[in-house]
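The values are calculated or read from the model by the stated rules, or taken from the named source; none is laboratory data. For clarity, every value in this text was computed on a predicted model and none was experimentally measured. Note that each Cβ is placed from the backbone with ideal geometry, even for glycine, and that neighbours are counted across all protein chains shown. Heads up: the accessible areas ignore ligands, DNA and RNA and are worked out on the full protein's heavy atoms, side chains in. Shrake-Rupley method; radii C 1.70, N 1.55, O 1.52, S 1.80 Å.
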Amino acid sequence: MFGCMIANQALLSEPEKARYKGCYCGLCRVLKERHGFFGRVALTYDMTFLVLVLTSMLEPEERSGMERCMAHPARRHYYWQNDITEYAADMNVALAYHNCRDDFLDDGSAVGFWEAEALQGQYEIIKSIWPRQCAAIERELEALSALERENRQEPDAAAACFGRLLGELFVTDDPLTERLRPFGEALGRMIYLQDAVIDLEDDRKSGSYNPLCALADAGWGEDEMKTLLTAQLGVCCDAFERLPLLEDTGLMRNILYSGIWQRYDAALHKKHKREGSTKTP
């Protein structure tokens with residue numbers, strides 16, 4: 001469930017692009033500082049969105065600069081970071097650890113096993129710093145696993161697990177961030193359902209758990225699934241617009257209203273292209 005919260009670069013202004021890339025590079029930088037090489041490998045744009053939201057809410061002091069890195073050795077690039085970046089880096093590694101661990105447990109992935117092994121030590125450190133958040137990750141992922149073991153075709157129940165997980169991560173140790181919980185929960189439900197829609201065809205073929213299989217078997221097609229996602233995103237956007245956020249709101253709206261659909265649209269395009277190539281003239 002990674003790779004969903006990305007900006008639609010084509011719709012960003014140049015200042016917004018610089019701000020977005022600077023946030024991403026700052027997160028990458030902090031991941032390396034706090035968690036080493038394997039922490040940096042876990043970098044995703046999803047946690048960049050978390051940095052933007054929490055920074056807009058709490059307005060912490062920012063630190064910025066220009067530097068070269070392994071990914072871009074030829075030229076110096078801009079980055080910015082703050083205390084929120086450090087929190088997001090920890091959450092990034094915590095989620096990556098469990099994602100790799102689940103890949104190993106679900107599919108016997110050797111890569112998942114070794115990546116989880118590499119991140120386990122850092123995860124234990126993060127767990128000692130942020131016990132509530134890590135407990136929520138473990139609790140909700142176990143609840144999801146229980147639904148999978150029972151093959152319960154309940155999309156709301158499954159999505160609610162990931163919603164509660166993400167809602168917990170949007171709440172830091174600052175009491176102001178409690179206002180972010182409803183938004184985080186709605187966003188988590190949207191991300192889970194979108195991921196389930198994208199994986200639906202493959203999961204039906206392989207027999208893997210997907211709570212939307214019963215709806216597909218009942219005749220739900222692309223239009224109905226898109227309506228389901230649109231309705232959930234509407235709940236998410238309504239919660240977002242109620243937040244007292246000022247800085248970077250245009251950038252965050254780009255991600256939430258447009259960028260969030262890019263992975264879904266790419267998967268749909270790939271599916272239609274594949275179906276078109278198999279049709280006989």
Note to self: How big is the dipole moment of the chain about its Cα centre under a simple scheme where the beta carbon of each Lys and Arg is +1, that of each Asp and Glu is -1, and everything else is neutral? Debye, nearest 20, please.
What the structure shows: 940
Notebook entry, point to check: When all alpha-carbon pairs of segment 1-154 are counted, what percent fall beyond 26 Å?
Noted result: 32
Next item on the list: Evaluate the Kirkwood expression for the hydrodynamic radius of segment 163-254, namely the inverse of the mean inverse distance over all pairs of different C-alpha atoms, and round to one decimal in Å.
Entry: 14.7
Next item on the list: Calculate, in whole percent, how much of the Cα-Cα pair population of segment 127-196 lies beyond 21 Å.
Entry: 25
Item checked: Cα radius of gyration and Dmax for the chain (Å) -> 19.1, 63
Notebook entry, point to check: Are there GluC sites (Glu not before Pro) in segment 1-96 that DSSP puts in a loop and that have at most 13 other Cβ atoms within 10 Å, and which ones?
Noted result: GLU61
Item checked: Portion, in percent, of the accessible area of segment 144-233 that falls on carbon or sulfur, probe 1.4 Å -> 48
Notebook entry, point to check: Residues of segment 148-189 with amide nitrogen under 17 Å from the 7 Å Cα-to-Cβ point of LYS271?
Noted result: 155
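Using a probe radius of 1.4 Å on heavy atoms only, what accessible surface per residue do you get for segment 2-135? Whole Å² is fine.
48
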Margin query: Just the number please: accessible area per residue for segment 208-279, 1.4 Å probe, all protein chains included, in Å².
Written below: 54
Next item on the list: Calculate for the chain the 222 nm mean residue ellipticity that helices alone would give, adding -39,500 (n - 2.57) per DSSP H run of length 4 or more and normalising by residue count, nearest 500 deg cm²/dmol.
Entry: -23500 deg cm²/dmol
Check: Can you give the accessible area of HIS72 in Å² (nearest 10), computed on protein heavy atoms with a 1.4 Å probe?
Finding: 80
Next item on the list: Filter the trypsin sites (Lys or Arg not before Pro) in segment 53-93 to those in DSSP coil with at most 12 other Cβ atoms within 10 Å of their Cβ, and list the result.
Entry: ARG68, ARG75, ARG76
